[in-house]
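Asker: Shown below is the structure under consideration.
The values are calculated or read from the model by the stated rules, or taken from the named source; none is laboratory data. For clarity, every value in this text was computed on a predicted model and none was experimentally measured. With ideal geometry, Cβ positions are generated from the backbone for all residues, glycine too; neighbour counts draw on all protein chains shown. Heads up: the accessible areas ignore ligands, DNA and RNA and are worked out on the full protein's heavy atoms, side chains in. Shrake-Rupley method; radii C 1.70, N 1.55, O 1.52, S 1.80 Å.
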2 protein chains.
Amino acid sequence: MTDVADVSVQPLLDYFNRLIPLSTEEKELIKSKFHSHLFLKKQFALQHGDVCEYFNFVVRGCMRLYMVDDKGVYHILQFATENYWILDLTSFHKKFPAKLNIDALEDTVVLRITHSDLLDLYIRAPKFDRIFRVLLENHFMLQQQRMVQLFSSTAEERYQLFLETYPHLLNRLSQVQIAAYLGVTPEFLSRIRSRMAKSDK
Amino acid sequence: MTDVADVSVQPLLDYFNRLIPLSTEEKELIKSKFHSHLFLKKQFALQHGDVCEYFNFVVRGCMRLYMVDDKGVYHILQFATENYWILDLTSFHKKFPAKLNIDALEDTVVLRITHSDLLDLYIRAPKFDRIFRVLLENHFMLQQQRMVQLFSSTAEERYQLFLETYPHLLNRLSQVQIAAYLGVTPEFLSRIRSRMAKSDK
DNA sequence: AAATAGCCTTAATCCAGATCAATGTTTTTT
DNA sequence: AAAAAACATTGATCTGGATTAAGGCTATTT
């Protein structure tokens, strides 16, 4: 009998297959270890202070990974839409209370695996060591690009780059979210936009 | 016959062994694939525009990974001293011209492996998929901590944290280097230090 | 349909850190 | 040992972006 969860594992199988082709047994393993979960808009997948229990793959929707600093300001480290991973890796691996939060900006479906099931997966099929190595490499490269950007460009340049890199996100996110991603206040982002609109004429 | 290079692979064997114990054959593989190289102070291991050919492990000395922005300002992403890894991962994997530079701040000995030898290592001993997965996880966590820090703290707080995290580096680096790591000018770092000296009394 | 809360913009003022400049100090090179 | 280069400090001035505040707009909620 095929249930809803079985069907929705497909995007993840496709994703892994694109990295390294999987055998039938490996596909079965994935089906047994990853479980789908729905987060409604504004629901938390992880709250600051809790341990991050899951490695999440977004099938549909959009989530954000962020921190809130001492002054209450939000800083978004990463958005995750279709086919992206999202978790607090430090908390997940070290079982530390998370410094980061994850919540849904839209109704979002994820496929997720627990830490112990992931370890079990590595033991049963060492190919997943390789797959997750590659996956981490990609994740690291994205994060490093972002750091280089934060270091070396002005808020306006960062916004321009955001528009070029994530055109599909522009209409899905409020300016409050985009500002928190760029590392500026919403007021200043508004100013950037009006400045750009003027000089575009 | 045992030569100098053989002897110096030991720190790397120790490092891997601490992550996951190695068999004799795996140790031999390491010895055949990693080669030591000496960089004199100020010598480049990677220059912006070239492809990053090596995955480097620092045995002795100190290197920095940095970028130079359009205005000629230096931004240091990472220092690597004894038992740290240093490379431009994006350039190494994608064979893109590097945006980053690596050079030696002291006379430095590294053990390094080429991209094709690393792929060969993964094929001959899948345990290295796991070892490098863990290694990348650690590298990612360090980088993310740094990003969170850059986002949410003032220059003075970042300097305090630098002192706590890397006390052994304070006397090995000039303030110019530390300032480029913190993301401020040397002038402003000097100011922070004098401010802190005053309030300590 | 009204009420409430969140979103976006504009303007006035403020501040952390940059820039420019001058001077002294330490290190490296010759 | 002298000269050159890099490093460190201090002061005056400037600026990108924050903060505060107010008004209009747009979604949810009731």
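Asker: Restricting attention to the range B:172-191, which residues are within 8 Å of DNA strand C (Cβ to nearest atom), within 21 Å of residue B:143 (Cβ to Cβ) and among the β-branched types (Val, Ile, Thr)?
Answerer: Matches in the range B:172-191: B:184 only.
Asker: Is it the case that the range A:72-87 has a residue that's open to solvent by 20 Å² or more (accessible area, probe 1.4 Å), of a type in the set (S, T, N, Q) and in contact (Cβ under 8 Å) with a residue 60 or more places away in the chain?
Answerer: Yes: one or more hits.
Asker: Step by step: first the residues of the range A:176-189, then only those that are in contact with a helix residue (DSSP H, G or I) (Cβ under 6 Å, 6 or more places away or on another chain) and either modelled with pLDDT under 90 or among the aliphatic types (A, V, I, L, M) (or both), then the one that is most open to solvent (accessible area, probe 1.4 Å). Which residue is that?
Answerer: Only one residue tops the list, namely A:176.
Asker: Among (1) away from DNA strand D (no atom under 16 Å from the Cβ); (2) surrounded by 17 or more Cβ atoms within 10 Å (Cβ to Cβ); (3) at pLDDT below 95, where does residue A:129 come up short?
Answerer: (3)
Asker: Kindly provide the set of residues from the range A:164-175 that are within 12 Å of DNA strand D (Cβ to nearest atom) and open to solvent by 90 Å² or more (accessible area, probe 1.4 Å), ordered by number.
Answerer: Listed by number, the list holds a single entry, A:171.
Asker: Select from the range B:88-114 the residues that are open to solvent by 20 Å² or more (accessible area, probe 1.4 Å) and within 12 Å of chain A (Cβ to nearest Cβ) and write down the one among them that is farthest from residue B:34 (Cα to Cα).
Answerer: B:99
Asker: Please enumerate the residues belonging to the range B:125-140 that are more than 30 Å from residue B:183 (Cβ to Cβ) and either in contact (Cβ under 8 Å) with a residue 12 or more places away in the chain or more than 8 Å from chain A (Cβ to nearest Cβ) (or both).
Answerer: B:125, B:127, B:128, B:130, B:131
Asker: Looking for whichever is modelled with pLDDT of 95 or more, assigned to a strand (DSSP E or B), outside the structural domain of residue B:166 (by TED's automatic domain parsing) and under 21 Å from residue A:142 (Cα atoms) here; the options are B:102, B:113. Which one fits?
Answerer: Answer to the check: B:102.
Asker: Let me ask something else. Where residues in the range A:47-64 are within 14 Å of chain B (Cβ to nearest Cβ) and at pLDDT 95 or above, which of them is farthest from DNA strand D (Cβ to nearest atom)?
Answerer: Checking each candidate, the answer is A:55.
Asker: Before we move on, is residue B:193 surrounded by 13 or more Cβ atoms within 10 Å (Cβ to Cβ), over 22 Å from the mean Cα position of the chain (by Cα) and not assigned by TED's automatic domain parsing to the domain that holds residue B:85?
Answerer: Against the criterion (surrounded by 13 or more Cβ atoms within 10 Å (Cβ to Cβ), over 22 Å from the mean Cα position of the chain (by Cα) and not assigned by TED's automatic domain parsing to the domain that holds residue B:85), residue B:193 qualifies.
Asker: Are any residues in the range B:144-171 within 11 Å of DNA strand C (Cβ to nearest atom) and under 20 Å from residue B:104 (Cα atoms), and if so, which ones?
Answerer: Listed by number, the list holds a single entry, B:171.
Asker: Sticking with this one: When the residues of the range A:141-188 are narrowed to those that are without any contact (Cβ under 8 Å) to a residue 60 or more places away in the chain and not in a helix (DSSP H, G or I), which ends up nearest to the other protein chains (Cβ to nearest Cβ)?
Answerer: A:153
Asker: Out of everything in the range A:69-82 that is farther than 14 Å from residue A:179 by Cα and not charged (D, E, K, R), what residue ends up being farthest from DNA strand D (Cβ to nearest atom)?
Answerer: My answer is A:80.
Asker: Out of the strands (runs of 3 or more DSSP E) lying entirely within the range A:1-91, which hold 1 or more residues that are of a type in the set (Lys, Arg) and closer than 30 Å to residue B:145 by Cα?
Answerer: Qualifying strands (runs of 3 or more DSSP E): A:54-60, A:63-68.
Asker: Considering the range A:161-184 alone, what residues qualify as being out of contact with any Asp or Glu (no Cβ under 9 Å at 6 or more places or on another chain) and small (Gly, Ala, Ser)?
Answerer: A:174, A:180, A:183
Asker: Let me ask another. On the basis of being within 11 Å of DNA strand D (Cβ to nearest atom) and outside the structural domain of residue A:86 (by TED's automatic domain parsing), does residue A:178 make the cut?
Answerer: It is false that residue A:178 is within 11 Å of DNA strand D (Cβ to nearest atom) and outside the structural domain of residue A:86 (by TED's automatic domain parsing).
Asker: If residue B:115 satisfies all but one of (1) in contact with a Ser or Thr (Cβ under 9 Å, 6 or more places away or on another chain); (2) within 30 Å of residue A:127 (Cα to Cα); (3) touching a residue at least 60 places away in the same chain (Cβ under 8 Å), what's the number of the condition it fails?
Answerer: (1)
Asker: Residues in the range A:137-147: is at least one away from DNA strand D (no atom under 16 Å from the Cβ), among the hydrophobic types (A, V, I, L, M, F, W, C), within 26 Å of residue A:53 (Cα to Cα) and in contact with a helix residue (DSSP H, G or I) (Cβ under 7 Å, 6 or more places away or on another chain)?
Answerer: Yes: one or more hits.
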